[in-house]
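Worksheet: the structure to be examined is printed underneath.
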Amino acid sequence: MSALDLGAEESPAPRHRFRVNGRDRELRAPGGRRLLDVLRLDLGLTGAKEGCGEGECGACSVLLDGEVVDSCLVPISQVAGREVRTVEGLAANGQLDPLQAALIETGGVQCGICTPGMLMAGRAFLDSGRAGAAPTDQAIREAIAGNLCRCTGYGRIIEAIRRTGAAPISSLPGPEVSPHPAANFIDETELTRRGLDLADPAADTPQTLAEAYALLAQGGRRIIAGGTDVLVERLAGIGLTPRYLDLSGLAELHQIRRVDDWLVLGASTTYAELRRSRLAAEDCPVLVVLAGEVGAAQIQNRGTLGGNIATASPAGDSLPLWLALDAQIVVGSLRGERTIPAAAFFPTYRRTALADDEIILRIRVPIRPAGTAVFRKVGPRRAQAISVVSLAAAWRSEQGTWHDVRIALGSVAPTPIRAPTTEAVLEGSRPTPETAERATATLRTEIAPIDDVRSSADYRRTVAGRLLHRIIREAGGW
């Protein structure tokens with residue numbers, strides 16, 4: 001039966017089939033139930049911990065087809081046919097995984113809340129090939145940046161990962177663990193008897209874009225792709241809906257292509273995919289820089305470009321860059337497609353130019369071989385930070401003089417903004433100390449940030465000026 005034939009979630013809830021730690025599993029659950037809840041409550045795998053519920057602490061980290069993800073941000077509708085590995089699946093044949101053994105030997109375990117997530121992030125890093133023969137501390141720190149520890153500190157954890165990657169140690173005997181039950185069918189009656197919450201949203205999983213358009217036009221659905229915004233907002237009671245429209249399975253929304261003089265990015269492109277993209281590195285390398293600044297591995301493996309745009313938060317990392325690059329956002333519905341300049345896409349706070357029945361399809365970025373683009377952000381910590389100020393700058397240089405200057409900022413206004421007065425100061429100028437001083441002073445008077453819980457207006461104004469000053473200084477080489 002097509003999703004178009006479903007006016008409401010069938011009862012009982014649909015079946016989901018996937019593999020967990022090498023074993024086939026099957027259960028009934030609403031498609032919007034979090035993978036974390038399925039693991040802990042439905043399957044009894046309690047290694048993954050409920051921490052922040054927002055993708056910041058990493059305590060619930062598991063591997064999904066080998067990639068580390070926050071299971072609190074993954075709807076079960078997106079797990080069908082895939083492989084999930086939890087901390088319970090690390091030990092094998094009565095032997096601890098070498099990383100588990102190393103963590104014990106280095107004393108990197110205390111309260112244990114963060115340990116399962118740390119293990120899964122570390123294992124994903126070691127299995128990815130990025131660790132190399134001798135992983136560096138810097139690479140390890142990046143790999144576990146999405147995992148917080150407040151007991152042990154990170155030194156011993158980093159040492160354990162480094163030991164395992166450089167010269168795998170012998171596995172220690174593991175604890176006696178009962179084998180996982182055989183694949184079983186958990187019906188709604190059983191879940192009710194166990195007192196579990198069945199109020200999770202249903203989820204439609206269209207197989208074609210036309211089907212997605214038709215479902216969205218019916219109303220009563222909220223689009224979900226990576227889940228890194230939608231599931232966080234659900235926890236906060238924002239944007240509650242009885243049904244999700246899950247776009248993650250639409251292949252055309254994942255493509256990265258070069259079309260004439262444009263780099264075209266599918267709306268469901270993840271930041272991890274963008275970091276790995278050869279085309280992005282060749283045609284617009286600042287996009288690769290941006291992708292590395294968004295969250296940590298768990299968020300980069302899930303968060304999508306279209307989701308960041310649709311959420312329209314003034315702190316959204318990608319939004320100033322789209323303005324500075326003169327990007328175009330292509331949207332579609334049953335009525336057809338239309339192209340909206342990024343400069344016109346964010347009319348007011350947390351609002352976009354999207355109609356209720358429209359879906360973001362792709363982002364078009366003009367390829368400018370002679371142009372330069374830079375992205376900088378400042379947050380309360382080095383990794384996994386919501387920006388206090390972000391700034392994107394783009395220009396074309398002719399014999400050392402800047403032309404076609406674009407300066408855009410995030411987190412200093414209700415929407416991402418351009419700074420036209422500052423752009424005018426830089427247009428036709430050279431990146432000298434005098435230019436930097438004039439442009440910085442102009443920017444500080446041009447923006448009007450607010451005081452809020454994350455920062456003061458004065459701090460944002462000062463930081464924005466320093467970011468611009470640094471960009472000019474680096475461009476001028478002084």
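The values are calculated or read from the model by the stated rules, or taken from the named source; none is laboratory data. The structure presented is a predicted model; accordingly, all values stated were derived computationally and were not measured. A quick note on method: Cβ atoms are made from the backbone with ideal geometry, for glycine too, and the neighbour counts reach across all protein chains shown.
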(request) Tell me which of these residue 218 doesn't satisfy, since it passes every other one: (1) crowded, with 21+ Cβ neighbours inside 10 Å; (2) modelled with pLDDT of 95 or more. (result) (1)
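Checking the conditions here, which among 446, 423, 434, 474 is more than 27 Å from residue 306 (Cβ to Cβ), charged (D, E, K, R) and touching a helix residue (DSSP H, G or I) at 6+ places or on another chain (Cβ under 8 Å)? Give the steps one after another, and end with the answer.
Numbers: 423 fails: touching a helix residue (DSSP H, G or I) at 6+ places or on another chain (Cβ under 8 Å); 434 fails: touching a helix residue (DSSP H, G or I) at 6+ places or on another chain (Cβ under 8 Å); 474 fails: touching a helix residue (DSSP H, G or I) at 6+ places or on another chain (Cβ under 8 Å).
From the options 446, 423, 434, 474, the qualifying one is 446.
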(message) Being crowded, with 24+ Cβ neighbours inside 10 Å, more than 24 Å from residue 203 (Cα to Cα) and free of Cβ contacts under 8 Å to residues at least 60 places away in the same chain is the requirement here; does residue 109 meet it?
(response) no
(message) Cβ contacts < 6 Å: first residue in contact (Cβ under 8 Å) with a residue 40 or more places away in the chain, restricted to region 217-243; second residue among the aromatic types (Phe, Trp, Tyr) and surrounded by 13 or more Cβ atoms within 10 Å (Cβ to Cβ), any location; separation 6+ or different chain. Result?
(response) 224/244
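Rundown of residues vs (1) in contact with a His (Cβ under 9 Å, 6 or more places away or on another chain); (2) within 15 Å of residue 57 (Cα to Cα); (3) of a type in the set (Phe, Trp, Tyr); (4) modelled with pLDDT of 85 or more, yes/no style:
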site: 115; (1), (2), (3), (4): no, yes, no, yes
site: 120; (1), (2), (3), (4): no, yes, no, yes
site: 150; (1), (2), (3), (4): no, yes, no, no
site: 157; (1), (2), (3), (4): no, no, no, yes
site: 161; (1), (2), (3), (4): no, no, no, yes
site: 175; (1), (2), (3), (4): no, no, no, no
(message) Given the condition surrounded by fewer than 24 Cβ atoms within 10 Å (Cβ to Cβ), not in a helix (DSSP H, G or I) and not hydroxyl-bearing (Ser, Thr, Tyr), answer yes or no: does some residue in region 269-277 qualify?
(response) no
(request) With the checklist (1) at pLDDT below 95; (2) under 30 Å from residue 306 (Cα atoms); (3) acidic (Asp, Glu) in hand, flag the one item residue 204 doesn't pass. (result) (1)
(message) For region 17-37: of the residues being modelled with pLDDT of 95 or more and among the hydrophobic types (A, V, I, L, M, F, W, C), which is nearest to residue 225 (Cα to Cα)?
(response) 35
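Check region 394-402 and report whether any residue there is surrounded by fewer than 17 Cβ atoms within 10 Å (Cβ to Cβ), among the polar types (S, T, N, Q) and free of Cβ contacts under 8 Å to residues at least 12 places away in the same chain. Write out each step before concluding.
First, pick out the residues of region 394-402 that are surrounded by fewer than 17 Cβ atoms within 10 Å (Cβ to Cβ): 396-401.
Now drop any that are not among the polar types (S, T, N, Q), which leaves 397, 399, 401.
Among the residues that remain, those that are also free of Cβ contacts under 8 Å to residues at least 12 places away in the same chain are: 399.
Yes.
Scan 106, 86 and give me the residue that is touching a strand residue (DSSP E or B) at 6+ places or on another chain (Cβ under 7 Å) and either more than 29 Å from residue 231 (Cβ to Cβ) or hydroxyl-bearing (Ser, Thr, Tyr) (or both). Explain how you work it out, then say what you get.
Working: 106 fails: touching a strand residue (DSSP E or B) at 6+ places or on another chain (Cβ under 7 Å).
One residue alone meets the criteria, 86.
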(message) It is to be established whether one or more residues within region 222-241 are at pLDDT 95 or above, in a helix (DSSP H, G or I), touching a helix residue (DSSP H, G or I) at 6+ places or on another chain (Cβ under 7 Å) and not aromatic (Phe, Trp, Tyr).
(response) no
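Taking the stated definitions as given, is residue 76 under 25 Å from the mean Cα position of the chain (by Cα), over 21 Å from residue 127 (Cα atoms) and surrounded by fewer than 22 Cβ atoms within 10 Å (Cβ to Cβ)?
On the way: under 25 Å from the mean Cα position of the chain (by Cα): yes; over 21 Å from residue 127 (Cα atoms): yes; surrounded by fewer than 22 Cβ atoms within 10 Å (Cβ to Cβ): no.
Here the answer is no, as residue 76 does not meet what is asked.
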(message) Checking residue 51 against (1) under 13 Å from residue 235 (Cβ atoms); (2) at pLDDT 95 or above: exactly one of these is not met. Which one?
(response) (2)
(message) Checking the conditions here, which among 348, 352 is assigned to a loop (DSSP other than H, G, I, E, B), of a type in the set (Val, Ile, Thr) and crowded, with 19+ Cβ neighbours inside 10 Å?
(response) 352
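Looking at region 317-345 only, could you name the residues that are hydroxyl-bearing (Ser, Thr, Tyr), without any contact (Cβ under 8 Å) to a residue 60 or more places away in the chain and not in a loop (DSSP other than H, G, I, E, B)? Quick ask: steps written out before the conclusion?
First pass over region 317-345, keeping only residues hydroxyl-bearing (Ser, Thr, Tyr): 318, 333, 339.
Restricting the remaining residues to those that are without any contact (Cβ under 8 Å) to a residue 60 or more places away in the chain gives 318, 339.
Listed by number, the list holds a single entry, 339.
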(request) Select from region 114-146 the residues that are touching a Phe, Trp or Tyr at 6+ places or on another chain (Cβ under 8 Å) and over 13 Å from residue 298 (Cβ atoms) and list them in ascending order. (result) 131, 135, 139, 140, 141
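Scan region 332-346 for residues that are aliphatic (A, V, I, L, M) and either farther than 25 Å from residue 288 by Cβ or touching a Ser or Thr at 6+ places or on another chain (Cβ under 8 Å) (or both) and jot them down. First the steps, then the outcome.
Taking region 332-346 and keeping what is aliphatic (A, V, I, L, M), we get 334, 340, 342-344.
Scanning region 332-346 gives 334, 344.
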(message) I'd like the residue in region 256-268 that is outside any strand (DSSP E or B) and in contact (Cβ under 8 Å) with a residue 60 or more places away in the chain and, out of all such residues, is surrounded by the most Cβ atoms within 10 Å (Cβ to Cβ).
(response) 267
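In region 293-304, is there at least one residue being touching a strand residue (DSSP E or B) at 6+ places or on another chain (Cβ under 8 Å), of a type in the set (A, V, I, L, M, F, W, C) and in a helix (DSSP H, G or I)?
Scanning region 293-304, I find at least one residue that is touching a strand residue (DSSP E or B) at 6+ places or on another chain (Cβ under 8 Å), of a type in the set (A, V, I, L, M, F, W, C) and in a helix (DSSP H, G or I), so the answer is yes.
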(message) For residue 421, only one of the following conditions fails: (1) closer than 17 Å to residue 388 by Cα; (2) assigned to a helix (DSSP H, G or I); (3) of a type outside the set (Asp, Glu). What is its number?
(response) (1)
